[in-house]
Amino acid sequence: MKKEIPYYKRDKYIFISNLNDVTANEQEPLSLKREGYLLSEYYSSKSNEELANYVKIKNNLLISDNGNFSKMKAISKLFEKKGFAILNKAINEESEIGNVSEFVLNERLELIKLIEIECKKSMATTNFNTILENQVYIKPDYIICFEDFNIPVLMMCGLMHPVFKPKALDVKNYQLQTSEIFNKQIKGDFGQIDSLSQINKFKVLHSYDFNSAVQSVEVANKSKANGYAISFGGPMKSKRWITSLNMGEKEITFKEKLPEPYLISTAISLGVNKKLDNKTPVHILGVGTPILIALFGYLFNNSKAISIDSTAPFKDAYAGTLYGSKSAFLKMDMYKVAANCLIENKAYKSSTPFFKRFEKQFPSNWSNLRTELKINKNSSIKSVANLLIENPSLVEKYIPFFSKMRSGNDEMINILRTSRAGHNYWVLRKICISVRNRMNDPIKLEKWTEYQVNRYIKVTSEKWGLAVLESFRIAKLHNTVKNNERIE
């Protein structure tokens, strides 16, 4: 018999940190102020497995990922250049002659065949028994099960762009292949059958648009999964711009080109929702953008349990991107944030415990830095940001929280690693708390989401703001239609 995993209020909507010594450091108790962790088998090691056991004892939700996205990225790198060359030809032909030529369509099909061969080769050389052994060793609550690689790779190579008019049936075989390997796994073909009986098994859903997302759930529902993991690795990696979005029976057209990631993620989410049993827990793979965390709460507001993971909070922290919530849910360049504070002659403030702890240990001196760099109210943000980039020693001396991440094992840099990553995580955690406090009241949640979208479009770049606004409008229309269907 499968052990029933309890769901806490926390699990209704929760952001999951990727497990490492920055997000869970026993020497840094503050780093452990989290609610859940994911460990990818790709990063399986003795130290990480010990950390996993430690956080599990502390009653964190623990998820074990299969590590496949690293393999998918490696495959996509082999074909990205050619894929985008074909895509650019198709876009140019569509613009110039109104359609894509047979020659270019055949080029696309030939590349798809090569990708299929490479994905099959990678799957054939994967030791699933060892991967599964590593996954179950940490005794997770959820396990992200094995999957086919093709759809994410095709997306990352630009081959599922709307200009090609792809059909859901074109990818059904890939979705069936995920079902096949999932069914083998839960039957015990790769071993660990006793351990698996104690773990919730999440089947991965791969799709590229609304219709293929609907189809992914229809295919998945024929398997005995405890939950679904929706893959957003491909969609969120998109650098494409689109003028329309297929929503099943309706094609939504935009007045101008908009960035694809948020829009296609919304379409996929709504497609999954159309066939999703609300009692089925969902894990969202690869989303760490603050405004999307807010929007996904509205998209999946009827679900039993939603967990979301991404490496973005600590990777962004290392790269110099801070998350904020004061004026809107944003990702911000830390040098521009610091530049604005210096021009306004105001110290940076944040309510996150990670920033407060760091500031107490390594106090900033904004006035002295302002004087030394000769900054005044007429300075431009761009010029001041460049000054900060060119003077890393002064930044580290006067406003250490904004230091460029460097190598070293000194106290400041060690604490900075956990503090900036923790700061970004805390912003996402607060968004999740705000969402789950409203999930039992759809009207309140909708109003709150609309408020956050309106705040976002006032301060972000025009195109990305429009993409978020259109995503919310589409979601709102879908929810209205769905609610009316229930009433009837």
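For the range 178-282, treating each Cα as an identical point scatterer without solvent, what Debye log10 I(q)/I(0) comes out at q = 0.13, 0.15, 0.17 1/Å? The computed values of log10 I(q)/I(0) come out as -0.54, -0.67, -0.80.
Want the number for N92 to N53: 0.36 nm per residue separation, take away the alpha-carbon distance, what's left? Could the numbers behind the result be given before it?
Working: separation 39, 0.36 × 39 = 14.04 nm, distance 5.36 nm.
This chain segment gains 8.7 nm when fully extended.
Cα centroid distance between the range 1-78 and the range 244-267, in Å? Between the Cα centre of the range 1-78 and that of the range 244-267, the gap is 33 Å. In a solvent-free Debye calculation with one equal scatterer on each Cα, what is log10 I(q)/I(0) for the range 26-123 at q = 0.14, 0.15, 0.24 Å⁻¹, listed in the order of the q values? For the range 26-123, the Cα-only Debye profile gives -0.70, -0.73, -1.18. A simple spin-label model places pseudo-atoms 7 Å from Cα toward Cβ; at N127 and K349 they are separated by 5.6 nm. Roughly how many nanometres apart are two label points built 7 Å out from the Cα toward the Cβ at I443 and K336? The two pseudo-label positions are separated by 3.8 nm. Helix 260-275 and the longest principal axis of the Cα set of the chain meet at an angle near 50°.
Can you tell me the relative contact order of the chain? Whole percent, Cα pairs under 8 Å, sequence separation 6 or more. Mind dumping the intermediate values first?
Numbers: 792 pairs, mean separation 73.6, N = 488.
It rounds to 15 percent for the chain.
Electrostatic bookkeeping for T289 treats Lys and Arg as +1 and Asp and Glu as -1; over the other residues with beta carbon under 12 Å from its beta carbon, the sum is 0.
Please report the net charge: other residues with Cβ closer than 13 Å to the Cβ of P400, K and R +1, D and E -1.
On the way: positive: R357, K360, K397, K404, R406, R417, R420; negative: E359, E396, D410, E411.
That works out to +3.
Taking only the C-alpha atoms of the range 354-488, Rg followed by Dmax gives 21.4, 69 Å. In the full protein context, the chain carries 46 Å² of accessible surface per residue, based on a 1.4 Å probe and ignoring ligands, DNA and RNA.
The orientation-averaged projection of the convex hull spanning the C-alpha atoms of the range 298-407 amounts to 8.7 square nanometres.
Just need the relative contact order of the range 117-181 here, percent rounded to a whole number, with Cα pairs under 8 Å and 6+ apart. Write down the numbers at each step before the final one.
On the way: 23 pairs, mean separation 24.1, N = 65.
Answer for the range 117-181 is 37 percent.
Helices in the chain, meaning DSSP H runs of at least 4 residues, each add -39500 (n - 2.57). Divided by all residues, the mean residue ellipticity at 222 nm is -17500 deg cm²/dmol. The angle between the Cα long axis of helix 210-220 and the longest principal axis of the Cα atoms of the chain comes to about 70 degrees, rounded to the nearest 10.
Expressed as a fraction of 2.2 N^0.38 Å, the rule-of-thumb size for a compact globular protein of N residues, what is the C-alpha radius of gyration of the range 124-207? Write out the running numbers ahead of the final one.
Numbers: Rg = 15.0 Å, N = 84, 2.2 N^0.38 = 11.8 Å.
Normalised by 2.2 N^0.38 Å, the Cα Rg of the range 124-207 equals 1.27.
Quick check: net charge around F182, other residues with Cβ under 13 Å of its Cβ, Lys/Arg +1 and Asp/Glu -1? Charge balance near F182 sits at +2. Only Cα sites of the chain enter the Debye sum here, all with the same form factor; the resulting log10 I(q)/I(0) across q = 0.06, 0.09, 0.13 1/Å is -0.29, -0.65, -1.31, listed in q order. Using every Cα-Cα pair within the range 81-122, state what percent have a distance larger than 13 Å. Percent of Cα pairs beyond 13 Å in the range 81-122: 55. Helix 128-137 and the longest principal axis of the C-alpha atoms of the chain enclose an angle of approximately 50°.
Can you compute the FRET efficiency between K172 and E372 using 1/(1 + (r/R0)^6), with r the Cβ-Cβ distance and R0 = 45 Å? Round to the nearest 0.05.
Numbers: r = 63 Å, r/R0 = 1.40.
The formula returns an efficiency of 0.10 here.
From most to least packed by mean Cβ count within 10 Å, the peptides 96-103, 191-198, 264-271 give 264-271, 191-198, 96-103.
The values are calculated or read from the model by the stated rules, or taken from the named source; none is laboratory data. All values derive from a computational prediction rather than experimental measurement. Glycine also receives a Cβ, built like all others from the backbone with ideal geometry; neighbour counts cover every protein chain displayed. For accessibility, only protein heavy atoms count, side chains too; no ligands or nucleic acids. Shrake-Rupley method; radii C 1.70, N 1.55, O 1.52, S 1.80 Å.
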